[in-house]
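Data first, discussion second: the structure below is written as structure tokens.
A short reminder: the numbers here are calculations on the coordinates, not readings from a lab. Model, not experiment: these values are computed from the prediction. No Cβ is skipped: glycine too gets one built from the backbone with ideal geometry, and neighbour counts run over all protein chains shown.
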Ligand code: SER
């Protein structure tokens, strides 16, 4: 069987690096990577070709490629996007739009639906008050879609753009046979934690930063309050979700956007877990008002029933397994503690 042609943008990011490894381990894919940065050595050998530079300007070059699947991961994350809003909009929206246009064009021209996998986020939600956040419980995809951040607005809008290019672009008569359109699928990720990489520019970063600091014996001042709660997930589960959603036959999908969840923890619960594993850890709380405001607007947890029903989603790591079977063993190897 011939290899499937895959494009991964944002390949140097946390999800990107883990996804390149996950796809390569499966085999059967020719992986083209794109990023502003050169590929790290750990994944260089797994990429057939790396296109380095500003994606918005590089997309033209991809019109000659026959991609079956596009993972569009490149983005400016929520904290960074909040201090450079115009630039974030350009990266997050313009980049996505250009790539969707390319996928739509190729799908129609060659009669083959290009699969377009898009990481959306809990940042697409916006809880108006802490009280509403506490009372909301598990939030469903169509609830509280009033993002407070540039990044959240960008993600929510790009979900809509994906639906537009996947369903309505071209505006054929309803009784006309539709052309082949791109196959858009999005996952709203919680905060992700890898034992191998650290995030940068996000606002859920306090979780992974605290754990990596504790494991290295470095003091950490957490930039949100102790009672701050959102949902998190182990990076291997995030990669699993992308690969499972990629494989599901289209007819099984009742929607284009799916929540997924694994475990919801407060910052204090993270601290307790870190202290249990590394008793000398020095973790304090020094909330940053802007970043606190961002996390306060995200739900405590999300309802992933739709993903469970449509594509049998279930995470491999609950909170205990996350620490005991993934994070702590890997991090001890990494930092030698
Ligand atoms: N983890 C991302 C961030 O903090 C949200 O998707 O920006």
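May I ask for the distance between the Cα centers of segment 111-167 and segment 318-333, given as a whole number of Å?
29
For segment 1-62, which semi-axes, largest first and in whole Å, follow from the square roots of 5 times the eigenvalues of its Cα gyration tensor?
18, 14, 9
Could you give the C-alpha radius of gyration of segment 243-282 expressed as a fraction of 2.2 N^0.38 Å, taking N as the number of residues it contains? Could you put the intermediate results ahead of the total?
Numbers: Rg = 18.3 Å, N = 40, 2.2 N^0.38 = 8.9 Å.
Cα Rg divided by the expected 2.2 N^0.38 Å: 2.05.
Using a Gaussian network for the chain with springs between C-alpha atoms less than 10 Å apart, which of these wobbles most: 179, 38, 249?
Highest fluctuation of the listed residues: 249.
Which number comes out as Rg/Rh for segment 180-337 once both Rg and the Kirkwood Rh are worked out on C-alpha atoms?
Dividing the radius of gyration by the Kirkwood radius yields 1.01.
Return, for the Cα atoms of the chain, the radius of gyration and Dmax in Å, separated by a comma.
19.7, 68
Specify, per residue and in Å³, the volume enclosed by the convex hull of the alpha carbon atoms belonging to segment 121-171. Present the calculation step by step, with values, prior to reporting the outcome.
On the way: hull volume 4.0 nm³, N = 51.
Dividing the Cα hull volume of segment 121-171 by its residues yields 78 Å³.
What is the ratio of the Cα radius of gyration of segment 77-205 to 2.2 N^0.38 Å, with N the residue count, to two decimals?
Values: Rg = 16.9 Å, N = 129, 2.2 N^0.38 = 13.9 Å.
It is 1.21.
Taking segment 206-299 on its own, what percent of its Cα-Cα pair distances exceed 20 Å? Could you put the intermediate results ahead of the total?
On the way: 2115 of 4371 pairs.
That fraction is 48 percent.
Can you compute log10 of I(q)/I(0) for segment 267-337 with the Debye formula, treating each Cα as one identical point scatterer, at q = 0.11, 0.12, 0.13, 0.24 Å⁻¹?
-0.46, -0.54, -0.62, -1.10
Would you list 298, 313 from fewest to most Cβ contacts within 10 Å?
313, 298
Return the FRET efficiency for the residue pair residue 94, residue 284: r is the Cβ-Cβ distance, R0 is 56 Å, and the value is rounded to the nearest 0.05.
0.90
Could you check how many percent of all C-alpha pairs in segment 161-211 are farther apart than 15 Å?
The calculated P(r) of segment 161-211 puts 62 percent of pairs beyond 15 Å.
Report, as a whole number in µm² per second, the diffusion coefficient that Stokes-Einstein gives for segment 9-131 at 20 °C and 1.002 mPa s using the Kirkwood radius over alpha carbon pairs.
137
How would 258, 326, 151 line up from fewest to most surrounding beta-carbon atoms within 10 angstrom?
By the 10 Å Cβ count, ascending: 326, 258, 151.
How compact and how long is segment 153-250, expressed as Rg and Dmax of its alpha-carbon atoms in Å?
19.4, 65
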